[in-house]
Amino acid sequence: MSTVPLIPESAPFSPEQRAWLNGFLAGIFSRAPGGTTSVSPAAAALTPLTILFGSQTGTSESLAKQAAKEAGKRGFAATILDVATVTVEQLPSHSNLLLITSTYGDGEPPDSAKALHSALLAAPASGQLAAVNYSVCSLGDTNYTLFCQAGKDFDSHLEKLGAKRVSPRVDCDVDYEAAFTGWLDSALGSFSSAGATTTAPSSGGSTAAAGHGDEHGSGYSKKNPFPAPVLTVRNLNAAGSAKEVNHVEFDLAGSGLAYEAGDALGVIPQNCPELVSAVIAALGADGEEAISTPEGELPLRKALTQHYDLGKPAPALLDALAIPAETRSTLHHVIDVLRFAPPSTDKSLTQWVSCFRKLQPRLYSISSSPKAHPGQVHLTVGAVRYEVGGLARKGVCSTFLAERALAHGTAGVFVHSNKAFRPPADLAAPMIMVGPGTGIAPFRAFLEERAATNAPGKNWLFFGDQKAATDFLYREELEALKSAGILTRLDLAFSRDQKEKVYVQTRMESAATELFAWLEQGAYFYVCGDASRMAKDVDAALHKVIELAGGKTAGEAAAYIQALKAAKRYQRDVY
Ligand SMILES: Cc1cc2nc3c(=O)[nH]c(=O)nc-3n(C[C@H](O)[C@H](O)[C@H](O)COP(=O)(O)OP(=O)(O)OC[C@H]3O[C@@H](n4cnc5c(N)ncnc54)[C@H](O)[C@@H]3O)c2cc1C
Ligand SMILES: NC(=O)c1ccc[n+]([C@@H]2O[C@H](COP(=O)([O-])OP(=O)(O)OC[C@H]3O[C@@H](n4cnc5c(N)ncnc54)[C@H](OP(=O)(O)O)[C@@H]3O)[C@@H](O)[C@H]2O)c1
Ligand SMILES: Cc1cc2nc3c(=O)[nH]c(=O)nc-3n(C[C@H](O)[C@H](O)[C@H](O)COP(=O)(O)O)c2cc1C
């Protein structure tokens, strides 16, 4: 039996019609070989299920697909929908609803979920959604203060409008597989599905373990990363820069890993050897001791180098060491905690280390087009270095790549597909790209892609960084693309070359008339880079440009931008 929607989302049917048709077709496909063409009893019993996803970088979307597969096995006719395509008014037609959403910004929904989120929050309490049975899976990261906030909001506001929560929400941290599988099992079991079986998810892992990013069937994924040879690590800044951005190249030959411009690469980092030694000393150990880990028995030094996060301490460690509440915010990293409260010997090393967080891969926007660099993948990585409490600190992955990856020879990598961030399928459509600092990364890939496909569409890049002399990343390449006519327009904003700050949005506002004209010609608008300040200010500038150059009120400009988003002509890859 087919387990994914048989009627595509693009087909001209309402969600109810699509669910019914999917059930009908699934019934036909499930008939016995040689059987009649009448609908089988199984088809009549299929229960419609809508799986909504709100995703910024594709994880929720990938889990929605896995949920649909599992639901299909249990007798549901599942339809997957991007939450961007659904309004509050349409929700009552989705009688069985699973919502999987991530959280971005400071507790905000992903871009695609903003419209429904705002509409739900603005709606007064009512019984409007009384016909909806639902459950929410919220993806997040406990490093953020507003953990899983978007999922929490959706959950409480669906209930406020009368929807019936059939299974409790789960809030998933970065290691989401087990929580997701458990939630799916319980949520599917809670819907009254006449065709449902009592089968548990096919295996502890199969619902989630196919994992994000192995859609090309290479066999390599987050769970099973490819040990990619490191070909190049080259500093893109000139001497005297306050920044350190590295161009990193990996060899993918023979891996079967494939990616598209717009995707991200997951990199498995290793901790800095000096920091590992400091933690071993603080634990009163020598590093050779064998400890038990989820990866098996390992020497302490190897376990700390490869598997444990020595950055932000987990609450479990603070609790185990009875760190007073008022002191916790002053202890930034694991080493600070261990030095403040040296661990006692009443617990084993295994017990202490089990209080550390698991070391997670980091994502990087891919800065190469596979068409321009077959068999390779390139990244543009800003080294994170700062000082807290008088001690120099280093970002784990960015400095692993900067300092040790080349000598180490390989790094574990996997492709994290990001379908919501792609150059226009219409090669003639104009592109406007705003990518200061490392935000340039995907736009190097987009421009390479446009060159490789002889795309006739115009391309406009806004780039900025601190100083032209030292921080004009990929200067030669960009100038060559401009000379070749591929980069139609390049607007630069070097913030520290003059007294007043000049940012990419300053350039956008100066070019408002032309920018609006490009949008009117069907241009796609892309933003990549810093989420906390730049992306918000660029969004505000875009509103201003549309108001000023388009002669629109604030409300009309907001509606114009909403329409751009709905048409997928405003895409962001921000972090
Ligand atoms: C989809 C996506 C795409 C991305 N693309 C890119 C890219 O193309 N290029 C790129 O360079 N990065 C990119 N990033 C960011 C990247 O994933 C890592 O977050 C980044 O490299 C830092 O990781 P790290 O392991 O070096 O630092 P970590 O060890 O994770 O340390 C970072 C943490 O250090 C702390 N910190 C940092 N600076 C300071 C400070 N000044 N004071 C106090 N604390 C501080 C903060 O808590 C911060 O979260 C992307 C992220 C995402 C989600
Ligand atoms: N979430 C994460 O895990 C993570 C990890 C690493 C980096 N980041 C973010 O990614 C960003 C990218 O770092 P980067 O070094 O490549 O570039 P960056 O810090 O964004 O700097 C690039 C340029 O943008 C300017 N800028 C500063 N504030 C701006 C604003 N509000 N609007 C527009 N431009 C602004 C900078 O100017 P000035 O510096 O002169 O003000 C600089 O000229 C970092 O700022 C960081 O916030 C996030
Ligand atoms: C810039 C940025 C901001 C984030 N903000 C939050 C947050 O406020 N709260 C939270 O719980 N998770 C936060 N996250 C973590 C994401 O929700 C998490 O990585 C999720 O798995 C992403 O799923 P997606 O790929 O479907 O968007 C943030 C991640 C990024 C990169």
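If the condition is being among the small types (G, A, S), assigned to a helix (DSSP H, G or I) and within 16 Å of ligand 1 (Cβ to nearest atom), then region 524-575 contributes only A535. Only residues that are of a type outside the set (A, V, I, L, M, F, W, C) and in a strand (DSSP E or B): list them for region 408-435, please. T410, G412, H416 - these are the residues of region 408-435 that are of a type outside the set (A, V, I, L, M, F, W, C) and in a strand (DSSP E or B).
Out of V504, V545, V527, I need the residue that is within 16 Å of ligand 3 (Cβ to nearest atom) and outside the structural domain of V83 (by TED's automatic domain parsing). Which one?
Sole residue among the options that is within 16 Å of ligand 3 (Cβ to nearest atom) and outside the structural domain of V83 (by TED's automatic domain parsing): V527.
When P110 is tested against (1) surrounded by 22 or more Cβ atoms within 10 Å (Cβ to Cβ); (2) farther than 17 Å from Y144 by Cβ, exactly one condition is not met: (2). Among residues of region 432-459 that are more than 18 Å from C528 (Cβ to Cβ), those with a beta-carbon under 8 Å from a residue that is open to solvent by 20 Å² or more (accessible area, probe 1.4 Å) and among the charged types (D, E, K, R) at least six positions away or on a different chain give the pairs A452/K371; T453/K371; A455/E449; G457/D426; K458/R489. Among residues of region 115-144 being part of a helix (DSSP H, G or I) and at pLDDT 95 or above, the one that is nearest to ligand 1 (Cβ to nearest atom) is H117.
Here's the yes/no breakdown for (1) of a type outside the set (A, V, I, L, M); (2) within 16 Å of ligand 3 (Cβ to nearest atom); (3) over 30 Å from V279 (Cα atoms); (4) open to solvent by less than 40 Å² (accessible area, probe 1.4 Å):
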position	(1), (2), (3), (4)
K371	yes, no, yes, no
V377	no, no, yes, yes
E387	yes, no, no, no
G390	yes, no, no, no
L401	no, no, no, yes
R404	yes, no, no, no
T410	yes, no, no, no
V415	no, yes, yes, yes
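Inclusion of S221 among residues that are within 14 Å of V413 (Cβ to Cβ), away from ligand 2 (no atom under 16 Å from the Cβ) and at pLDDT below 95 is warranted.
To keep it simple, each residue is scored yes or no on (1) touching a residue at least 60 places away in the same chain (Cβ under 8 Å); (2) within 16 Å of ligand 3 (Cβ to nearest atom); (3) outside any helix (DSSP H, G or I).
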residue: G284; (1), (2), (3): yes, no, yes
residue: G287; (1), (2), (3): no, no, yes
residue: T305; (1), (2), (3): no, no, no
residue: P313; (1), (2), (3): no, no, yes
residue: I323; (1), (2), (3): no, no, yes
residue: H332; (1), (2), (3): yes, no, yes
residue: R339; (1), (2), (3): no, no, no
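Screening the candidates S398, S369 for the property of being of a type in the set (S, T, Y), near ligand 1 (Cβ under 9 Å from one of its atoms) and either closer than 30 Å to S292 by Cα or modelled with pLDDT of 95 or more (or both) yields one hit, S398. The one condition from (1) out of contact with any Pro (no Cβ under 9 Å at 6 or more places or on another chain); (2) more than 16 Å from ligand 3 (Cβ to nearest atom); (3) farther than 23 Å from T59 by Cα that A428 does not meet is (1).
Selection of first residues in region 172-191 that are under 19 Å from Y104 (Cβ atoms) and of second residues that are within 16 Å of ligand 1 (Cβ to nearest atom) and among the aliphatic types (A, V, I, L, M), restricted to Cβ pairs under 9 Å at least 6 apart or on distinct chains, gives the following pairs, ordered by first then second residue: C172/L139; D173/L139; V174/L139; Y176/L139; F180/L139. Residues in region 530-542 that are away from ligand 3 (no atom under 16 Å from the Cβ) and open to solvent by less than 10 Å² (accessible area, probe 1.4 Å) were compared, and the one that is nearest to F421 (Cα to Cα) is L542. For region 247-306, a residue qualifies if it is over 28 Å from the mean Cα position of the chain (by Cα) and open to solvent by less than 40 Å² (accessible area, probe 1.4 Å), and the qualifying residues are V276, A278, V279, I280, A282, L283, A285, G287, I291, G296, L298, L300.
Of F516, F472, F462, which residue is more than 10 Å from ligand 2 (Cβ to nearest atom), over 20 Å from N235 (Cα atoms) and either crowded, with 18+ Cβ neighbours inside 10 Å or assigned by TED's automatic domain parsing to the domain that holds S365 (or both)?
F516
Restricting region 80-94 to residues that are crowded, with 19+ Cβ neighbours inside 10 Å and more than 12 Å from ligand 3 (Cβ to nearest atom) leaves a set whose member that is farthest from S190 (Cα to Cα) is A84.
All conditions in (1) closer than 23 Å to G395 by Cβ; (2) surrounded by 17 or more Cβ atoms within 10 Å (Cβ to Cβ) hold for A242, with the sole exception of (2). Being surrounded by fewer than 24 Cβ atoms within 10 Å (Cβ to Cβ) and farther than 17 Å from V276 by Cβ is the requirement here; does A429 meet it? Taking the combined requirement at face value, the residue satisfies it.
The values are calculated or read from the model by the stated rules, or taken from the named source; none is laboratory data. Since we're looking at a predicted model, the values are computed, not measured. Note: ideal-geometry Cβ built from the backbone for every residue, glycine included; neighbour counts use all protein chains shown. For accessibility, only protein heavy atoms count, side chains too; no ligands or nucleic acids. Shrake-Rupley method; radii C 1.70, N 1.55, O 1.52, S 1.80 Å.
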